[in-house]
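Read the structure below first, then the notes.
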Amino acid sequence: MALQDFLYACTQMAHNFGAVAVTAGAIFALWPARQSPAVLRQLAWLVLIGWALQAISGATLGAISYAFQGRLPDIHGIASAALFLKMACAASGFFLAAIYLRFAAGWSTQGVNAAWSCLAALAVIALSAAAFLRWFS
Ligand code: HEM
């Protein structure tokens, strides 16, 4: 049990810092002031890596349960919906950050603002869903 708890704690640590990266990175892009294109690009890398880290560490949390208990956590209803929402946010956030890095140089100010607002919204939705997954599972 001690080993399982230790692995859970280490993985959750990565998962928590990933949540900070995607949320704070997207908010800081626009607030308290819109950042320069060079800084926005660095923030986009931070957010891209953060979303990847969330998907990998989230899957690892499930894998640890499977490795030690022989099955995935038994979740239903609201908890399942919350997990699905987090996975959808992670996939959307990753692809939006990747599209930003590839194409944003040609975008208008409104387009750039919309992309960052969308990234911030995905982070807020995922963090809110995490609370429901935690307490309904
Ligand atoms: C593929 C995507 C994801 C998967 C598979 C996943 C999976 C998990 C799992 C299994 C837990 C442990 C649940 C529990 O102890 O009850 C967890 C916790 C958590 N996840 Fe995720 N997650 C994903 C994405 C995200 C994202 C995108 C965020 C935030 C931006 C996030 C934030 C959190 C937080 C804050 C916790 C701790 C909740 C608490 O203990 O209060 N997760 N996640």
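Do the sum for the chain: with -39,500 (n - 2.57) for every DSSP H run of n ≥ 4, divided by all residues, what is the mean residue ellipticity at 222 nm, to the nearest 500 deg cm²/dmol?
-31000 deg cm²/dmol
Please give the helix 77-103 orientation as an angle from the longest Cα principal axis of the chain, in degrees from 0 to 90, rounded to the nearest 10.
30 degrees
Going toward the positive end of the dipole of the chain, with +1 on Lys and Arg Cβ and -1 on Asp and Glu Cβ, which of Leu83, Ala105, Gly50 do you reach last?
Ala105
Describe numerically, in nm with one decimal, the distance between label points set 7 Å from Cα along Cα→Cβ at Gln4 and at Ala91.
2.9 nm
For region 2-136, what is the charge dipole size about the Cα centre, in debye to the nearest 20, if Lys and Arg each add +1 at the Cβ and Asp and Glu each add -1 at the Cβ?
260 debye
Between Arg102 and Ala63, what's the calculated FRET efficiency when r is the beta-carbon distance and R0 is 35 Å? Round to 0.05.
With a Förster radius of 35 Å, E is 0.70.
How far is helix 37-69 tilted, in degrees, relative to the longest principal axis of the Cα atoms in the chain, given as a value from 0 to 90 rounded to the nearest 10?
10 degrees
Please work out the C-alpha center-to-center distance from region 86-134 to region 1-75 and express it in whole Å.
If you average the Cα positions of each part, the centres end up 14 Å apart.
Using the alpha-carbon atoms, what tilt in degrees (0 to 90, nearest 10) does helix 109-136 show relative to the longest principal axis of the chain?
With both axes taken from Cα atoms, the answer is about 10 degrees.
Under 1.5 on a/c is rounded, so check that first for region 1-73, then, if it is not, pick prolate when a/b is larger than b/c and oblate when it is not; a ≥ b ≥ c are the square roots of the alpha carbon gyration tensor eigenvalues.
Prolate, since a/c reaches 1.5 and a/b exceeds b/c.
Read-outs throughout are calculated quantities, based only on the coordinates presented, and are distinct from any laboratory measurement. Since we're looking at a predicted model, the values are computed, not measured. Every residue, glycine among them, receives a Cβ derived from its backbone with ideal geometry; neighbour counts consider all protein chains shown.
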